[in-house]
Each structure stands twice: as structure tokens, then as C-alpha cells.
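The values are calculated or read from the model by the stated rules, or taken from the named source; none is laboratory data. Model, not experiment: these values are computed from the prediction. Heads up, the Cβs are rebuilt from the backbone with ideal geometry, glycines too, and the neighbour counts pull from every protein chain shown.
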Amino acid sequence: MKLQRIKINELKQFNHPLTIDALQPGLNLFCGPNESGKSTVVNAIRAAFFERHRSSTVSGLRPYGDSSAAPEVELTFEHNGAQWHLVKRFLNKARCDIQIDQQHFSGDEAETLLATWLGFELPATGASKERHWGIPGLLWSEQGSGQDIETPVEHAGDYLKTALGEALSGVTATGADDVINAVRQQRADLLTPGGKPTKAYKKTAEQLESLTHSVAALRNQVAQYRDKVDWLGALRHDHQQDEQHKPWAAHRAELARAQTLLTEIEQLDAQQAQDNTALKELTQTQTLVTDQLQALHQYTADLAKRQQAAEDANARLEDLTTALTDAKPKLDQARADYDLAADQVKLARQQEAQQRQRDTQRQLKQQWVNAEKALTQAQQTHQDQASKREELTKIQINPDDLAALRDVSARLTEAVIREQSIATRMDLNLQPGHTVSLGTETIASTGHHRILEPTRLTIAGVGSIDISPGGEDLGELSRTLSQLRDKETNLLDQLAVDSLAAAEARGQRQLSLMQELNGLEKLLRSYAPDGLQTLEQEHSRIQDELHKLDQLLANPDDTNDINGLTVAAAEAAQQAANERLKTQEAQQQHLTQQVALAKQQRDTTAAEYDLLAATDSQEERTQKETELNAQLLDNRARQQLLTQAIQQRQTRIDDAKPSLIKQDIQRLTASADQSQHQFQARKEQILKLEAELSALGAQGLEEQLAEQLTELSTTQRRHDELAHRAAALEHLLDLLEQKRHALTQKLQAPLQKHLNHYLSILFPEAELTVNDNLVPTQLVRNGATAVERGEFNELSFGAREQMGLISRLAYADLLKEAGKPTLIILDDALVHSDEQRLASMKRVLFDASQRHQILLFTCHPKNWDGIGVAARNMADMNT
Amino acid sequence: MKFIHTADWQIGRQYDRFGPEDSPALAEARINTVRRIAELAAQEQVDAVLVAGDVFDTQTLKDRTLRQLFNALSAYTGPWIMIPGNHDAALAESVWTQAQRLGVIADNVYLAVTPEPINFVDQGFVVLPAPLTQRHTHDDLTQWFDLAESAPELIRLGIAHGCVQGILAEEIDSANPIAADRAERARLDYLALGDWHGLKQVNTRTWYSGTPEQDRFKSNNPGHLLLVEITAAKAEPQVTPLNVGAFQWHQIEHHLAVSSDVDTVVAQLTSITPKAVIAVKLTGQVDLSGEQTLSTALSEAEGHHRSVTVDLTGLKLVPTDDDINHLHADGYLSEVITELRTQQTHDNAPVARDALGILASILRDRQAEGRA
């Protein structure tokens, strides 16, 4: 298809007719600024094909504000050697005419012809929408939508497949998609998309389950019912048997027999108990008698024992008394021995004391001599001290005052020397006889004078000469001198000396006196360390003590000679005597005590014997014993009889086995009761079962079950049918989709070839894959290091635009091969491409323009420099 | 004397192989048949009606069903002599005690639940019953007939329910045995038997009447009752089978190989007298046009008959090339048809067949739309 001429009138901004002619069969580039009418041209072409001429929804095509305009598009084009002329007018005198060579079509027929030929859909009513646009929608990209490829391909899908399929020698099937849709719909009535039962199928499955449950429940009930019927039969049978045979009667008869036997045994038991009691009493009496006899024997023995004891006590007393008497002289001797030893000790001690006093006296005498000597020397020293101290008091001089005097004297001496040196010296060599008076002094000799103050020298007969000494500080010096002299005088007075030398001598003497005193003090301390007074006291104490001792020893005791016996030996002898005395005394005491005890013992035993002997007489005791022995024998005979009787009876009782008989009674009673109870319970059970079964029977369980089974099997059949149908539909759908997929893959191959052709211009060895719907999905490129895969939708805007254009061109190639008309319109394409890509895309477009007519509208003419055709300016046409 | 011998009414039987419409109708038909028996008995003025067991199909029936059955007897006021069979055995609690409690058993119904002779002296006969009081027994309950005394002038009639030894196939209820020569040994003039649902003569004096209303697809001659005439004791009975069944049951089983086989089946279907109960089971293969012919014939039969059930699971759908052309299936649709046709020879045959059927029907609909 090659457009040759476009004419537009009363359409949007074209109030006046616009004619674009001399269109080239290949690439046509239109440029112009925004709103110069590029898009209007594109819209006019779209309207000419897509919009129905009768449509009332295209008023937007009218020029602004011109409500009476009749927008008109006139297209002239050539296809397969035939010349087409299409005129379409909207809104006002709307019409559609097509002239193909000599053939003419108009109105709906003409529009349908166009739609079929180009491969798009006409809207039933209203404006044409994207979904109607089919193949032109794909090949004619609108401004700003070049990157979107999926939607247009989808809308063109059926047309593409049909068109392409025809080329593929009929592998496609007519209306196959409708068939698939029909199968899908029928499947949807039975199965969810995930393949689970739905709607009626699901409901049937649910019914089936619930019926299966209720049938199972009913079956169970029926089985229970049957069991109960059988049970009732069995119960009735047993009941009849019991009624006839009464099994409890036999138990009762046996029970009566056992009870009689038990009564007999119980009587025997009572007798046995009586005899046992009697025997027990007899035994007790026997014990009593035996005890009495024993007591009697015991008494006799006790009496004899006490008599013996009394005698023994008496004999012992006598022995002890004798011993006591024998011990007395020994004790006396021991006492005498002790007293003698004690006297000896006393004497020995006296002698020892006198010896010690004599020793003391000797020592004291020596001490007194020493003390006497020390005291005399100390007293001498003390006197020396006193005289030195007296002298010291007299000459005492203050060392500070002495120092001050020394200082003043030194300064005075210095001042006098200075005065002498600076005074006006006057040497007088008077001739003899002559005198002069100096001041008041008259001088008549030779010599020199020192003048210290203004002095008048009067030379008699001559007159006088006033001399004023010239030194400036002479006055000052003179004052100092007089001050110092005053001071010296004061100090000398104070110290009560007449000169410094005297003062110095006194100071010297004071120092030596103090040293002497110091030596005397040390000496005194050597004689009397604790002071003189203490020494004197010590001296008199020794004297006193000595005096006392002299008196004591002057009259010594007249001493018994003890033959040199020492105190220690005397004391040892006394100790031994003491021991002997203590032993004798203890012996004495012990014997005295023993005698007293023996006396008491003797009295007690005698009293006890008397007491016992007084109670019973021997005759009485003998008679009592005889009686008791007779009673003992009699009892023994009775005991024997009773024991025998008891033994015999017990054998009878044991032989009858009373515990077993009691168990029998228990057992038989229980058996009889139990079988009667069972009989009764069974009777009640029968009545209960009869009632229960008649109620159950009235429900018609088995009939219900039969009905439910019918329903179940119907439902089961229905379910099976639906399941088969679902499986069949699933299978059919699978198969159809497989086939369609296979077909699509066949269609993909040529598309892929064309895509790769264009792509190789952009990226060497790249591939753009397409899916079943022939939509580009993935761009595979050789990257720097690895193969890069990019999902179409994730590519950059620019890349998507480029891929979109490439895809469109590839579809166009396919359509061309299938003999279909191709016209490519690109409104403002590739505005997001960089220079390098744009250059490649120019090659792509140029290559495509060798096979297809391409109308390219742009507002950036410079971008398209080098595309190989000159741009036609919209502005030039619009005049 | 003249009496009717019938058995195996199986009242309360449900037919789970039929749908919810047919099953109750067939159940009700059994009661209607009993009504016709009563009418026939009245009309023939028979002396008695002997029902040889299995009056009821189960032990627990709805009261309504019991009332309907006993009401159906009302047309005949003579003695009805019934024994319990294995389905309605006189257990401790049974359908019979239920009926007794309901008070629906009329005075002229003699229910024999104990093995004791029932004398009808005025009518000149005595009945020796062998009622089942257990569901199954392995004793011959008719044994006591041999020793049973009866007045010599009375016609001796035996009535029993069970399996005559050595006559019927082994698998048929070998429980409840009955000696084949019981009639002879017990000096019976006639032994009325139940349990076998087809009409069957054991010997001149021993018969199975079969069920009066057919209840299974077994062509053993069901749907009858026996009208028996015995002129005097020891006389040979005259037995006349009468058809009383409402529905005949037909089973058509056919293997389809060539297209004319379809015509045979259609002819067989159309030859059946309405109203019948029909079961069709077809195997083999059929082409699309044959299948259409068949389904038309089957749906017509459904209109004419009580019940038509069809089993085509063993039937393959094999479209011919003509079929495919006719469906205008081109491209891969035609490939799909071919593949489904092939698949029917494999494991998944029924699914492939159904899938093919669905596809063909969609394509046919599309054709129809195209034409419309």
C-alpha cells in the first residue's frame, strides 16, 4: 500500500483544504513545530479508516468553534497495482466512498471492505477505541506511545495470526480461538481455573459425600436394628426356658439344707463356749490354791532367816566392843610422841633466829661507818658551795650590758681618733717667753694643739687670731662623741664599775665561779645521790637499827641445848608423829562408829523376828496346808473331764466345716437371687426392646435406606458423568492449547527472523524473544563479560521505544510477506534516543523504507538529518 | 378347588440403578400388581391365594407402604395364605409384627408363622406351611410335612420358600433348602414355592410361580402368577401361568463394528413394546453420524418407555474423514480430532472419546450458528 495524496478539509486547524501530495513510496519526513498540524494529519488518516462516517462522536474533528463544519479526508493510494481513492466526510452530509480502479463502494459496505482489507474492527456504536484498531493500531504509532507494544500487539493478535497463518499454508484453524473459548467456558462450568470442582460438579460431590455419610449411618442403624432383633429372639428364648425350669428353685432347696446344718453347728458352738468358760474358771481356782500353798511355805522360811540374822548381829556387836577397848592405849602413846616433837621444832626455830640477828648487826655496823664518812664529806662540799654562791651574787654582771659597754667603748675610741685626724692642727713654736693664749688657756711652750672649735688665739701684744676649724662634720662628730661619752658613763654606772677593763675582769670571775659551782654540785651528788637530807636520814636510820639490835643481843635467851638439831629434822620428826597420831585417831573413830551400827542392827533384827513370830501359829499353818492340798486334787479331776468333752465336741464342729457351709449359704442365696433377678431384668429388657424395636420399625429404616441408596447411586452416576466430562474437557483444552502453542511457535520463527534482522543493525548478535502472543518479552545481548538478559518492560524508555519500532517494522515485514497492505506512520518517534542509537535507527528506518511506505512526523528535523530524504515543512503546506 | 399361587412380591424394593423418577414408580408398580392379583382372584372366584414368601423386600418399611399393600388385597375377600420368606422372616421383631401392631392385617389373611397345618375343612383343603423364622437356615423346613396328619378327603397343599435341591444353579441361595421330592414324600397335592423369581416347574406338583412383577434384567420368565386347579385329593393339578406384570425388562447389549450395527440396535429398540424398562450397553466403535442416530433413537426410547439406562463406556467415537470435513474443522482443530481418535485405542479411551464428543458438538453448534 502506497499513499500518494492526502487531502484534508474543515478538520481541526485546517479550515481550508490542505493537500499533501507527491508522497514517496518509501520514507516521507514531515517536520514542523508544535501545533503546526502534524498530529492533525495523522488523526485525519486514522479517522478516515477507523471512525464510521455516520458516527456522531467525532465532533472533535471539527475546527474550533465551527459547529457546522463537515470534516473531510480524502486519500489516494495504490495497492498491488490497483488505484484506491477514499473519501470520508463526517457529521455534516456524512459519507464514505471508495473507488478501486473501476469499482465503487460506499457507506457501510465501503467501511467493512476497508476493515477487512487492513485488518481492524469497526465499532458497533460510538467512537473507535484502541481495541478496535487491529493491525493499523500496531503499525501506526501515536505520539508518545511508541514504547508500548504489548497492547497493540494483543489487539492485532487475531488479525496477525490469521494473516500470517495463511502464509504458513493453513496450519492455523478457522475460529480455533472461539472453540478454545467455548471449551474453556464449558470447563469453567465444572472446574475452577486451578482444576478443582465447582458449581454443579462441586455440589454433586458434596451431595455424594453427605449421602455416603447418611447411607453409612442408616446402614449402621439397620445393622443395629437387626442385632437388636436377634437379641430379642435370644432373650425371649431364654425367658421361656427360665419360666419352665425356674433355675433358682434348686438353689433355694439346697440353701434350706445348708441353713439347717448351720443351725446345728451353732448350737454345738454355744455348748462349747459354756464348757470353755467353766474350764477357764476352774483353772483360775487352781492357780489361786497353788498360790496360797506357796505363800505358806514362804512364811516358814522367812521366820528361820530372821532368827539367824538377830543372832549374827549380837555376835558382831561384842567383837567390835572388844576391839575398841584394845585401841585406847595406842592412841595415848601417839599423842605424847607428837607433843614432844612439837617442842623440839620450837627450840630449833629460836636458835636459827638469833643467828640471823647477829649477821644483821655486823652488816649494819659496816653500813654506819660508810654513811658517817659520806656525810662528813658531803657537808664540807655543801659549805664550799654556799661560800662560792655568796661571792657570785656579789660580782654578778649582766653579759648584755657588758657587750653594750664594749660596743660603746669601741665606737668612742674610733670617734676620738677621727676627731684627732680632722681637727685643725696647730704647731706652736713659741719663743721662749712668749705666751699666747688660746681661748682661755695660755700657752707658753712649744707643742701642738688641735683646735676643734672656733678658738681665739690671743697673742699678747699682737692681738688675737680667731681660728675656725674647717672640716664640715666636725660639729657632728663632736656631738656624737659627747653622746657616746654619756652612754659610756651611764653603762659604767649601771654596772658599778669604773672602766671597761674592770667590767671585763668581773665578767671573767663570774664565769670561773659558775664552773667551780658546777664541779662542787657533781661532787656533792657523788656523796649524796638523793640529796644531803636523805643521806642524813639514812645515817640516823642505820644508827637506830644498830642500836635496837645491840639491845636485843645484849640479853640472849637462856638456850636449851638441842644438840644441833636442825629445824628441818625437827619438823620431819613432828610430821611422822602427826601421821601416827592421825592413824590412831581414825582407828578409834571407826571402831566407835562400828559399835554404834552393830548395836542398831542388833536391835532391828530382834524386833523383826518378834514381829513375824507373833502372827501365826504352827498348828494353824499345818491344818491350812492339808486343806489346800485336798482342794488341789479335786480340781484337777474336774479339769480333766471338761477338757475331754470340749475336745470331742470340737472335732464334731470341725468335721462339719462351718465356714464352707456359710459360703454355701452365701453362694446359694446369691445364685438364687441372681437368677431371679436376671429373669426379672430380662423380662424388663424384653419389654424395653419390644418398645424400642416397634418404634424403630415404624421409621421404616430399610425402606429409607433403600431410598437413600437409590439417591446415592443416582448422585454417584451424575458425579461420575460430571467427572468424566470434566476430565474430557480438561484433556480437550490441554490438547487444543498445545496445538495452538505449537502453531504460535511456528509463527514466531519468521517474526524472530525479521526482528533479528533489524536488531543486528543496533546490537550485533542480539536477540529479541517473543511470547506466544507474539509480544516481545526479552532482549538478549552480548555484554562486555556475559550474556545480558533484559525483560522488555524493564528496559529504559529509549530502548523500549527503539525495540517497539523494530518490532513494528518486523510485523510489517511479516504482513508484507503475507501479501497484506503495510503503511507505517510514526508520530514523533524516537525522541528519547541518544545520537549513536538514533544513527543506527536511521539505518533501520531506511532499510525498512525499501519495503514499506513510512510517514514520519517530527518537530526535531535536525535529528533526522542524514535519513536520506528531505524534510517537508508543515508550515509550507499550510498556506 | 381353584387357587392362585404367587410369591416374591418384594414390596418396598427400591431400584437404585434407576433415577429418582423411575425408582419410586417401579416400586409403586409392585403394589399395583398385587392389586391386580386381588382383582384377578375375585374375578376367578378362587378358593384361596397362596403367597409363598418374600411378600416384603425388607423388615422395616414405612407404615404407609404397609397400609398400601394390605389395602391392595381388599378386592379379594377369600383367604390369603402367606408365609414369611428370607426377606421378611418371622423374627422376634419383623415386618409382620409391625403390620400386626398397625392392625392392617385383615381377618382373611392367614399368616403362617409356625409350622402347623391350617385346615380349611369347609373348602376341602389343608395348608402345610414352612415359614422362615430365621433369615437363613440350613434345615429343610418342609420336612415336617412328611409326618403331618390330615383328613384324607382334604387336598394337601404345601407352601414353602427356599431352594429346591439340585434343580437351580448353585449360586442361587443354597440356604433354606427344600427336597426336590418333598411333594411326593409328604403326599402333597401341590407344593407352592417362592424364592426363585422366574416361573419354574419342578415337577407336576411342585412349582415356582416367580415374581409377578419383574425386578431384574434376567429373562427367566418372570411377571406371572399361577392359577391352579385341583379337582380332588390326589388329582393332578392343572397349572395355568397368567401374565400380570406391568413392565417388561429388556436388556440390549451389542458390540458395534460397522455402521449398519447402529441400525440393528435402533431396530431392536423400536421393536420393544412400551412401556418397558430398558438397559442398553454398547461397546465397539461408532462414527459421528452413527452416534447422532443412536442418541436420537435413545432419547426417543426414553419418551416411550418407563426407563432407559445407557452404558456407552465401552464405545469408541471414531469420526470418519467425512465427519471431519462436515464439521469444517481445519488447521490444528483437525489435528486434535485425529489425535483424539487415535487416543481411544490407548489407556485413556473414555476421556478421549468424551473429549472428542464435546469438540464435535462445539463444532456442530458452530456449524449450526453459521447456517443460522
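Observations, loosely collected:
- Residue selection: A:Asp230 fails the criterion of being within 11 Å of chain B (Cβ to nearest Cβ) and within 30 Å of A:Gly119 (Cα to Cα).
- For the stretch A:415-427, a residue qualifies if it is within 15 Å of A:Asp473 (Cα to Cα) and of a type outside the set (Gly, Ala, Ser), and the qualifying residues are A:Val416, A:Ile417, A:Arg418, A:Glu419, A:Gln420, A:Ile422, A:Thr424.
- Flag if A:Gln685 is without any contact (Cβ under 8 Å) to a residue 24 or more places away in the chain and in a helix (DSSP H, G or I): no
- Matching residues, the stretch B:310-330, being surrounded by fewer than 17 Cβ atoms within 10 Å (Cβ to Cβ), within 12 Å of chain A (Cβ to nearest Cβ) and within 24 Å of B:Asp16 (Cβ to Cβ): B:Asp311, B:Thr313
- Flag set for A:Ala505, criterion: closer than 24 Å to A:Ile395 by Cα and either assigned to a helix (DSSP H, G or I) or modelled with pLDDT of 85 or more (or both).
- For the stretch B:177-198, the set of residues classified as assigned to a strand (DSSP E or B) and of a type outside the set (Gly, Ala, Ser) consists of B:Pro177, B:Ile178, B:Tyr190, B:Leu191, B:Leu193, listed by residue number.
- Checked against (1) under 22 Å from the mean Cα position of the chain (by Cα); (2) in contact (Cβ under 8 Å) with a residue 24 or more places away in the chain, B:Ser271 passes all but condition (2).
- Among the residues making up the stretch A:85-123, those that are part of a strand (DSSP E or B), in contact (Cβ under 8 Å) with a residue 24 or more places away in the chain and not aliphatic (A, V, I, L, M) are A:Lys88, A:Arg89, A:Arg95, A:Cys96.
- Top-ranked residue in the stretch B:226-253 [being acidic (Asp, Glu) and part of a strand (DSSP E or B); ranked as modelled with the highest pLDDT]: B:Glu229
- Inside the stretch B:256-300, residues that are more than 30 Å from B:Gly223 (Cα to Cα), in contact with a strand residue (DSSP E or B) (Cβ under 6 Å, 6 or more places away or on another chain) and surrounded by fewer than 17 Cβ atoms within 10 Å (Cβ to Cβ) make up a count of 2.
- Residue in the stretch A:771-792 that is within 14 Å of chain B (Cβ to nearest Cβ) and either in contact with a helix residue (DSSP H, G or I) (Cβ under 8 Å, 6 or more places away or on another chain) or assigned to a helix (DSSP H, G or I) (or both) present: yes
- In the stretch B:25-61, residue surrounded by the fewest Cβ atoms within 10 Å (Cβ to Cβ) [restricted to those that are free of Cβ contacts under 8 Å to residues at least 40 places away in the same chain and in contact with an Asp or Glu (Cβ under 8 Å, 6 or more places away or on another chain)]: B:Thr60
- Single condition A:Thr76 does not satisfy, out of (1) on the phi > 0 side of the Ramachandran plot; (2) surrounded by fewer than 21 Cβ atoms within 10 Å (Cβ to Cβ): (1)
- Some residue of the stretch A:252-273 being in a helix (DSSP H, G or I) and within 14 Å of another protein chain (Cβ to nearest Cβ): no
- Filter result (on the phi < 0 side of the Ramachandran plot and small (Gly, Ala, Ser)) within the stretch A:687-731: A:Ala691, A:Ser694, A:Ala695, A:Gly697, A:Ala698, A:Ala706, A:Ser713, A:Ala723, A:Ala726, A:Ala727, A:Ala728
- Taking (1) at pLDDT below 85; (2) surrounded by fewer than 20 Cβ atoms within 10 Å (Cβ to Cβ); (3) more than 7 Å from every other protein chain (Cβ to nearest Cβ) in turn, A:Leu768 satisfies each apart from (2).
- In the stretch B:266-307, the residues that are out of contact with any Pro (no Cβ under 8 Å at 6 or more places or on another chain), within 26 Å of B:His346 (Cβ to Cβ) and part of a helix (DSSP H, G or I): B:Ser289, B:Gly290, B:Glu291, B:Gln292, B:Leu294, B:Ser295
- Strands (runs of 3 or more DSSP E) within the stretch B:12-124 that include 2 or more residues farther than 29 Å from A:Ala234 by Cβ and away from every other protein chain (no Cβ under 13 Å): B:48-51, B:80-82, B:118-120
Residues checked against (1) touching a helix residue (DSSP H, G or I) at 6+ places or on another chain (Cβ under 7 Å); (2) hydroxyl-bearing (Ser, Thr, Tyr):
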{"residue": "B:Trp80", "(1), (2)": "no, no"}
{"residue": "B:Glu93", "(1), (2)": "yes, no"}
{"residue": "B:Val109", "(1), (2)": "no, no"}
{"residue": "B:Pro129", "(1), (2)": "no, no"}
{"residue": "B:Thr133", "(1), (2)": "no, yes"}
{"residue": "B:Asp140", "(1), (2)": "no, no"}
{"residue": "B:Ala148", "(1), (2)": "no, no"}
{"residue": "B:Cys163", "(1), (2)": "no, no"}
{"residue": "B:Pro177", "(1), (2)": "no, no"}
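- Where a residue in the stretch A:693-715 is within 7 Å of chain B (Cβ to nearest Cβ) and without any contact (Cβ under 8 Å) to a residue 60 or more places away in the chain and its partner, wherever it lies, is aliphatic (A, V, I, L, M) and surrounded by 20 or more Cβ atoms within 10 Å (Cβ to Cβ), with Cβ under 7 Å and at least six apart: A:Gly700/B:Leu61; A:Glu703/B:Leu61
- Taken over the stretch A:796-821, the criterion of being within 25 Å of A:Thr116 (Cα to Cα) and either within 60 Å of the chain's Cα centre (by Cα) or not in a helix (DSSP H, G or I) (or both) is satisfied by A:Ala818, A:Gly819, A:Lys820, A:Pro821.
- Tabulated pairs, the stretch A:149-167, first closer than 19 Å to A:Lys739 by Cα, second modelled with pLDDT of 75 or more and β-branched (Val, Ile, Thr), C-beta under 6 angstrom, 6+ apart or interchain: A:Tyr159/A:Ile135
- Taking the stretch B:331-350 as the range and being at the interface with chain A (Cβ under 7 Å from one of its Cβ atoms) and either closer than 17 Å to B:Thr283 by Cβ or touching a residue at least 24 places away in the same chain (Cβ under 8 Å) (or both) as the test, the residues that pass are B:Leu333, B:Pro350.
- Residue count, the stretch A:416-431 (criterion: in contact (Cβ under 8 Å) with a residue 12 or more places away in the chain and either surrounded by 11 or more Cβ atoms within 10 Å (Cβ to Cβ) or farther than 19 Å from A:Ile465 by Cα (or both)): 11
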